Amino acid sequence: MLTVYVVRHGQTDHNLYGVVQGHLNTPLNATGLAQAQTVAQRLIDEEGIRFDAAYSSDSDRASDTALAILVRQGNEVVMQQQEELRERDMGELSGKTGPFPRPLPPSVESSPHFVKRCLAWWNDTILPLASDPVDRTILVTSHGAYILTLFRQLVADAQHGGLGYSMVDQALSEHPFRHSANTSVSVVKVESDGRGVVEKFNDHAHLAEGAHTVVSKDLAA
């Protein structure tokens, strides 16, 4: 069985001030760096997770979050940076604040293309790993809208272009995939035959109660 931990990057100044990032390569701010250390402590020290492989968006805010986790583990795993894990390309809206008129301008990556990109990465990268009978645990760090879009497709049925994964938590089934907090942890388990289950989504219990946590909805962050 393959266990996939999907972690959103830590906070950036653009998150803090509601600025659309998309493919802008914005760094973690002081809060985001602290969040990355906190989620690393949770996963490695408190939960005792050992990652066998790691994949990250090549945006610094995502890769630096992954590095914090991998360094905590002891640099045993080499992170693989992949463009396919980048946030939705927001074109001319990048660097701006909303609300934005609809429809979005043509420079913005279309919703169908974004959905296809997210699911293609999963099919091309995760499913081949899952087909190996050896149990493994991998880390994936990406972005708010990417994670929301990916998980919606994982649980959507085949008629709607999804993979039909089940969900452990009934409450999650009733309120699925609306928000993704900075450094939130989501977990998917995938069997060798491709069947999967979402065990956790948007878990940010490692952040102090009342701490400022930027939440991504559907615009790229």
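The values are calculated or read from the model by the stated rules, or taken from the named source; none is laboratory data. As the structure is a prediction and not an experimental result, all values here were calculated from the model. Note: ideal-geometry Cβ built from the backbone for every residue, glycine included; neighbour counts use all protein chains shown.
Residues are listed down the side, and each one gets a yes or a no for (1) in contact with a helix residue (DSSP H, G or I) (Cβ under 7 Å, 6 or more places away or on another chain); (2) exposed (fewer than 15 other Cβ atoms within 10 Å of the Cβ); (3) closer than 20 Å to His9 by Cα:
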position: Gly95; (1), (2), (3): no, yes, yes
position: Pro105; (1), (2), (3): yes, yes, no
position: Trp122; (1), (2), (3): yes, no, yes
position: Arg152; (1), (2), (3): no, no, yes
position: Ala158; (1), (2), (3): no, yes, no
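Does any residue of the range 173-192 turn out to be surrounded by fewer than 15 Cβ atoms within 10 Å (Cβ to Cβ), over 24 Å from Ile49 (Cα atoms) and out of contact with any strand residue (DSSP E or B) (no Cβ under 9 Å at 6 or more places or on another chain)?
The answer is yes; a qualifying residue exists.
With the requirement that a residue be over 25 Å from Leu104 (Cα atoms), without any contact (Cβ under 8 Å) to a residue 60 or more places away in the chain and crowded, with 19+ Cβ neighbours inside 10 Å, what does the range 20-60 give you?
Listed by number, the residues that qualify are Leu28, Ala40, Ile44.
I'm told Gly164 meets every condition in (1) surrounded by fewer than 16 Cβ atoms within 10 Å (Cβ to Cβ); (2) under 23 Å from Thr26 (Cα atoms); (3) not β-branched (Val, Ile, Thr) except one. Can you identify the failing condition by its number?
The number of the failed condition is (2).
For every residue, the table says whether it meets (1) touching a His at 6+ places or on another chain (Cβ under 8 Å); (2) over 16 Å from Ser180 (Cα atoms); (3) assigned to a helix (DSSP H, G or I).
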site	(1), (2), (3)
Val4	no, yes, no
Thr31	yes, yes, yes
Arg42	yes, yes, yes
Arg50	no, yes, no
Ser56	no, yes, no
Arg61	yes, no, yes
Arg72	no, yes, yes
Val77	no, yes, no
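Would you point out which residue out of Val78, Val115 is surrounded by fewer than 21 Cβ atoms within 10 Å (Cβ to Cβ), more than 18 Å from the chain's Cα centre (by Cα) and among the aliphatic types (A, V, I, L, M)? Lay out the reasoning, then the answer.
Numbers: Val115 fails: more than 18 Å from the chain's Cα centre (by Cα).
Just one listed residue meets the conditions, Val78.
Which of the residues that make up the range 126-146 are closer than 22 Å to Phe177 by Cα and either modelled with pLDDT under 95 or not in a loop (DSSP other than H, G, I, E, B) (or both)?
Filtering the range 126-146 down to residues closer than 22 Å to Phe177 by Cα leaves 126-127, 138-146.
Scanning the range 126-146 gives Ile126, Leu127, Ile138, Leu139, Val140, Thr141, Ser142, Gly144, Ala145, Tyr146.
Give me the pairs: first residue in the range 76-103 and over 15 Å from Leu24 (Cα atoms), second residue among the aliphatic types (A, V, I, L, M) and assigned to a strand (DSSP E or B), beta-carbon distance under 7 Å, and six or more apart or on different chains, which are they?
Val77/Ala53; Val77/Ala54; Met79/Ala54; Gln80/Ala54
Working only within the range 7-19, note down all residues that are of a type outside the set (Lys, Arg) and surrounded by 23 or more Cβ atoms within 10 Å (Cβ to Cβ). Break it down into steps so the answer makes sense when it comes.
The first filter runs over the range 7-19 and keeps only residues of a type outside the set (Lys, Arg), leaving 7, 9-19.
Answer for the range 7-19, where residues must be of a type outside the set (Lys, Arg) and surrounded by 23 or more Cβ atoms within 10 Å (Cβ to Cβ): Val7, His9, Gly10, Gln11, Thr12, Asn15.
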